[in-house]
Structure formats: structure tokens, C-alpha cells
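This report concerns only the one structure given below.
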Amino acid sequence: MSDSQTLPPTAPQRIGVAADHGGFELKETLAGTLREAHYEVFDFGDGQPKPDDDYPDFVEPLARAVAFGEVHRGIAICGSGVGACIAANKVPGVRACLIHECFSARQGVEDDDMNVICLGGQVVGHALAWELVRTFLQATFSGAERHLRRLGKVARLESRAWNHELQPLATGVIHDTPVASPDYGHKS
């Protein structure tokens, strides 16, 4: 292992990874590299590339593990990274971002306490993906007052949404009537 793969001992040690078929190869590569760098890796699947698998089935358990502190941070991968990011952000307490460059990988943690990095397995090459993950894992939240204030507002927004207190805006007026979730043709 080269020195560029070695991470400081203060970096988070338990890392969760999850991917569908579109991110499977990248997940496997990153998981191996993380293990070489002495991280404890928790793999939430998929265990093998299956063209008909669905990213929420793997990203949700990863996101829950991050939210409940079972892993320090998470890496969610699908073909573009977009679906994985959408799914991860549905879990309260998760702050997931789709990342393609190092500035946001670092700044997302330092300013916004990002705890899940989302990558596109068909978009980002393996070398860049490792650089993004290293940057994400080496970064620490600043704890600055302005960032804490903003995160408090995000947490209140999240709580209101999950308690069905958040209603759609129409010309700046908040309505009192509940809005149903979109029906994508799936039966529960």
C-alpha cells in the first residue's frame, strides 16, 4: 500500500458501504482499499451484481446504520449516485451528498457535517473515487456557530417533514391541508 492510501489514526474507523449493480464494482474496490487502510468495513450489499436489484434496498440499511451510530460514515453508490443520494437522505439524521470533486468532499463535512458520501459507479473512476473517499474521511466537522445554527434549522425542517407538519407553499402561503406522497405505481 502506498503512503497516499494511509489514513491518519484519528479518522473514523467503522465505514459502511452499499451499492446496487451500477456501483457494485466501485464498492468492491473501495471496500478493499478501505480494509487495506485499516478501516472496519460493513458491507450492506449488494453481495453480487444483479441487474434487477434496487439501490434503496441497500442504501436504506446503510443510512440507518449511519443515523444510529453503528458506523461512523457511509459510502453509497449507484450508477449515477443520484438515486443513492435521494434514498439516503430519506433517513432522518443522514446528511448525504453526491460528490464528484474534492472541495465538496471536504467542505461537506467541515461545514455541513455530511455523514454519507454518494458516488456514481458509472461516472467516477476508481482513482478519483478513492481520493474523494479519503478526503471525506479525513475531514472533520468544524462545529462553528454558524454551521451549528444552520444544521439546527435543517434538523427542525427534517422533524417537521417527518411529523407531517410541513405543507406545500403556494404564493408564499402555508396550507393546512395534508399532501399525499406521490404514487409511483407501487403497492405497499
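Couple of notes before you dig in:
- Gyration tensor verdict on the range 32-120 (Cα atoms; rounded if a/c is under 1.5, prolate if a/b is larger than b/c, oblate otherwise): rounded
- Reach of LYS153 by Cα under 12 Å, taken over aspartates and glutamates that are not fewer than 8 positions away in the same chain: ASP112
- Label point at GLU40 placed 7 Å out along Cα→Cβ; residues across the range 110-131 whose backbone nitrogen lies under 17 Å: none
- Using every pair of separate Cα atoms, the Kirkwood estimate puts the hydrodynamic radius of the range 99-159 at 12.3 angstrom.
- Using the Cβ-Cβ distance between GLU165 and GLU131 with R0 set to 41 Å, the FRET efficiency works out to roughly 0.50.
- Positive minus negative residues near SER159 (Lys, Arg vs Asp, Glu; Cβ under 12 Å): +1
- For the range 11-138: relative contact order, % (alpha-carbon pairs under 8 angstrom, 6 or more apart): 29 percent
- Packing-based ranking, highest mean first, of 28-34, 94-100, 46-52, 17-23 given that Cβ atoms within 10 Å are counted: 17-23, 94-100, 28-34, 46-52
- Global geometry of the range 8-156, whether rounded, prolate or oblate, following the gyration tensor of its Cα atoms and the 1.5 cut on a/c: prolate
Quick note: the coordinates plus some simple rules give every number you see, no bench work behind them. Here the structure is a predicted model, which means the values were calculated and not measured. Every residue, glycine among them, receives a Cβ derived from its backbone with ideal geometry; neighbour counts consider all protein chains shown.
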